[in-house]
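Chemist: Structure provided below as structure tokens; questions to follow.
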Amino acid sequence: MRMHSAFAAICILIPFAVGTARAQPAEKPTPTGAGVASDTKEPPPPHKTFDFTVYGRINVSFDLGNQELTGAPCITAAVNPCAPPQGQLRWLPDLSSNLSRLGVRGYHDLSGMDYQAVFQLEVQVDVTATPGSKPNGNNDTINPGNTAVNGALASRNSFVGVATPFGALKVGKNDTPYKTITADFDFLADTPGDYNSIMGNTGGDNRTEFDARMPHAIWYESPGVQGFRLNALWSPGQNRFEDNFGYAIGESVCAGGNAGPCNDGSFGDAYGASLEWHGFGLKLIGAYEMHRKTNRTGDAGQTTPAGTSVVGTANEYAWKFGAKYTFAPTGTTVAGIFEEMRRNDVSAYNERQRDGYYLSVLQKLGKNDDLMGGWAHAANTPGDPGAGPVENTADMLTVGYRHWFNPKTTIIVSYAHMSNAAFAHFALGAGGHGVTWDCKDGAPPTQASPAPGIGLIGNGTGCFTGTSPQVVSLGMTYDF
């Protein structure tokens, strides 16, 4: 409750604390020839009352990955061993499109340059994959298995709003403040070792509940004030059901991202805020996000050593703080995050509550090369809906090397390794990579149903916990 009040107070007070800093005079240019006055400079280009920009990113990679399913602990268990995995159990090559995108953004003056109407429309581009619905196995920002078409117009951050000297107010869909505040801490973002393989990910697999893009949202972005900046967002639930069991009005998938029924992460109102300060090479951050009345009743009713699972509908929320510092003389940047995710539910069956840790480092090697590394840790949960209290930790180690041909073009080679405890099932590539390596094999569907995301459509197979997937990746990015 204290965190709720603190963020509310910040949201209310910061617009009134905004001041405009006086710009420093530009340094006088060096004369370029005889007869040129020392204070002569090119006139600034005339301001346009309306303008727009087309932009985008192409990010593709060639990967070689192994899910390591043959090492699952249940196969060699002394009591009731499980059937071994089926299908392709070797290293598999793939080509992956990793959040490639195309967009257009612009503005129109309302009252000079200080008050403008702003807009953005952005779409995901599947460069190496077939565009369309990818049920049960896609890489949605929250939860795999929905039928949304990622390549549809305005599928990514899109909005209309007003920008002023006191901040911007926007309406549409957007990455949450909780997500964006630490995006630059993840030097290996969109690779198989993306930090969202663990951070912001409550249950493992490809679920990144607290690294989300919220639809039907309204948000505020403050200007910088003495190094401080605040972002705050609210997404109304728009759900006729008290337990959020149906789709939000105007939406075609559950609020949690899955296709339905909405009993595996669907929530009502979502809101959150982030606050940052930066200066002297240091960035400090804090963020909070709430998902009200999150429905997990699909996990209920299972018989476990702790009894019958009674998972229900409860609030899920997360907060984190972190720091990033750049040692300019050596070209070294270090970053760290502590994260706490909580769910108000029965402890013995609660796999959504845990702590998380992330450390990363980037070392510049001259002007055009970066060496990067990262470690993420998922601490244990109080319980599990299918097994009660179990060992549910995971660690991810990743390293990478990036070469900049120019400010717009790079190549990157990386290696990622996930080590899951006996009952954990965290995947590699969740949150940013177009292909993921999770706990599922190539066995026949568990349900021979043609429903989207189940059975014959999608993989529909069981999950082998305790595995250690690993991936080598070579990628290229081009920004325009």
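The values are calculated or read from the model by the stated rules, or taken from the named source; none is laboratory data. Note that this is a predicted model, so its numbers are computed, not measured. No Cβ is skipped: glycine too gets one built from the backbone with ideal geometry, and neighbour counts run over all protein chains shown. Calculation scope for accessible area: heavy atoms of the full protein, side chains included, ligands and nucleic acids excluded. Shrake-Rupley method; radii C 1.70, N 1.55, O 1.52, S 1.80 Å.
Chemist: Sorting check: for 73-79, 202-208, which peptide has the highest mean count of neighbouring beta carbons within 10 Å, and how do the rest follow?
Modeler: Numbers: 73-79: 11.0, 202-208: 24.9.
Per-residue mean Cβ counts within 10 Å order the peptides as 202-208, 73-79.
Chemist: Shifting gears a bit: What order do 64, 99, 69 take when sorted by accessible area (1.4 Å probe), most exposed first?
Modeler: Ranked from most to least accessible, the order is 64, 99, 69.
Chemist: Got a sec? What order do 278, 216 fall in by accessible area at 1.4 Å, biggest, i.e. largest, first?
Modeler: Values: 278 90, 216 50 Å².
From most exposed to least exposed: 278, 216.
Chemist: Which order, highest average first, do 395-402, 152-159, 52-59 follow once you tally other Cβ atoms within 10 Å for each residue and take the mean per peptide? List each step's numbers first, then the result.
Modeler: Values: 395-402: 20.0, 152-159: 16.9, 52-59: 15.2.
Going from most to least packed, we get 395-402, 152-159, 52-59.
Chemist: Could you tell me the relative contact order of segment 303-409? Use alpha-carbon pairs under 8 Å, at least six residues apart, and round to a whole percent.
Modeler: On the way: 243 pairs, mean separation 26.1, N = 107.
Across segment 303-409, relative contact order equals 24 percent.
Chemist: Counting Lys and Arg as +1 and Asp and Glu as -1, what is the net charge of the other residues whose Cβ lies under 12 Å from the Cβ of residue 304? Intermediate results must be reported in sequence, preceding the final value.
Modeler: Details: positive: none; negative: 299, 351, 384.
That sum, taken over residues with Cβ under 12 Å, equals -3.
Chemist: What is the distance in Å between the Cα centres of segment 76-118 and segment 295-342?
Modeler: Centre-to-centre (Cα) distance: 19 Å.
Chemist: Heavy-atom accessible area of residue 437 with all protein chains present, probe 1.4 Å, nearest 10 Å²?
Modeler: The accessible area comes out at roughly 10 Å².
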